[in-house]
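The values are calculated or read from the model by the stated rules, or taken from the named source; none is laboratory data. Keep in mind that what you see is a predicted model, and the values were worked out from it rather than measured. Neighbour counts are summed over all protein chains in view; Cβ atoms, including those assigned to glycine, are modelled from backbone coordinates with ideal geometry. For accessibility, only protein heavy atoms count, side chains too; no ligands or nucleic acids. Shrake-Rupley method; radii C 1.70, N 1.55, O 1.52, S 1.80 Å.
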Amino acid sequence: MPRTHATLPRLFVEPDLTTGGRITLGKEQSLYLAAVLRKTVGDEVVLFNGRDGAWLTRLTSDSKKSVVLDLIEQIAPQTPRSDLWYGFAPLKTERLDYVVQKATEMGAGTIQPIITRFTQVNRLKHERLAANAIEAAEQCEVLNVPVVAPEITLERLLDSWPVEHGARRLILADEGAASASPVEILNELKGKPVGILIGPEGGFSDDERAKLRALPFVVPVSLGPRILRADTAAVAALAIIQATIGDWR
Ligand code: SAH
């Protein structure tokens, strides 16, 4: 996403983005542009939809109910969705929002809530999680919005992993592992599809950890000598993965 347009508002929209196209925004996005940002006719906005790259557009109507944008030109080609899979035991509301936003900013392509033995939250508001991913994607200038998958149990995840994920390795942030740097282990996974699994506030149960560590596709790692809160562990794990074998290059 070219920095030349970093000062312009960026909005995620559903419709196709094509040359000569015209997009009419819904109430919420119109209010945001026309009332909150006080954009008027002639002002420029960047749109993306996850399929057609980023487009420079111009307001031709600044009605607070339905802003109309004319497409001018594509300013960034579509990039492939990130292959990084992020699995986590959902936390209570505002920290759940935080974790979805951070996973998006850190480049996760799939965000998968996992219900484990000590997970505190069992019913998730999927709309809200998806909205957090979109808001984070707009802010951090990615061209894809991560897929926020419906929650599944750890058992179901592990049973279906070989079929669903093939050769993908599942990096397990294991709070019970002896303190160490994960860099060496991660470097051995270079070039391979990976996922990262973070447990709940209460950690993994003993039999969950035993089951996970016994699986051939699971790669346990330590995140150092201190016990991190689940949301801290999420950002730390994603950062070290992106920095060693991911897209921070
Ligand atoms: N309350 C638990 C810790 C859970 S922390 C306890 O006291 O044991 C939540 C999750 O963050 C863990 O399940 C693990 O996935 C991750 N995590 C936290 N600290 C970690 C560390 N030092 N090494 C590896 N994973 C860690």
Worksheet, complete the sentence: For segment 166-179, the count of residues that are near the ligand (Cβ under 9 Å from one of its atoms) and touching a residue at least 40 places away in the same chain (Cβ under 8 Å) equals 6
Discussion item. Looking only at segment 181-216, count every residue that is within 9 Å of the ligand (Cβ to nearest atom), part of a loop (DSSP other than H, G, I, E, B) and hydrophobic (A, V, I, L, M, F, W, C) and tell me the total.
Written reply: 1
Discussion item. Of everything in segment 229-238, what is in contact (Cβ under 8 Å) with a residue 12 or more places away in the chain and within 10 Å of the ligand (Cβ to nearest atom)? Give them in sequence order.
Written reply: 229, 230, 231, 233, 234, 236, 237
Discussion item. If I ask for residues that are in a strand (DSSP E or B), more than 24 Å from the chain's Cα centre (by Cα) and either charged (D, E, K, R) or buried (at least 19 other Cβ atoms within 10 Å of the Cβ) (or both), which ones from segment 21-53 would you list?
Written reply: 22, 23, 44
Discussion item. Condition first: within 16 Å of the ligand (Cβ to nearest atom), open to solvent by 50 Å² or more (accessible area, probe 1.4 Å) and more than 20 Å from residue 98 (Cα to Cα). Can you find one or more residues in segment 116-135 that meet it?
Written reply: yes
Practice prompt. Determine the pairs where a residue that is under 15 Å from residue 116 (Cα atoms) and open to solvent by 30 Å² or more (accessible area, probe 1.4 Å), located within segment 201-224, has a partner that is more than 12 Å from the ligand (Cβ to nearest atom) and not β-branched (Val, Ile, Thr) with Cβ atoms under 9 Å apart, the partner being 6 or more residues away or on another chain.
Written response: 201/92; 211/155; 211/158
Worksheet item: Out of curiosity, is residue 170 assigned to a strand (DSSP E or B), touching a helix residue (DSSP H, G or I) at 6+ places or on another chain (Cβ under 7 Å) and among the hydrophobic types (A, V, I, L, M, F, W, C)?
Response: yes
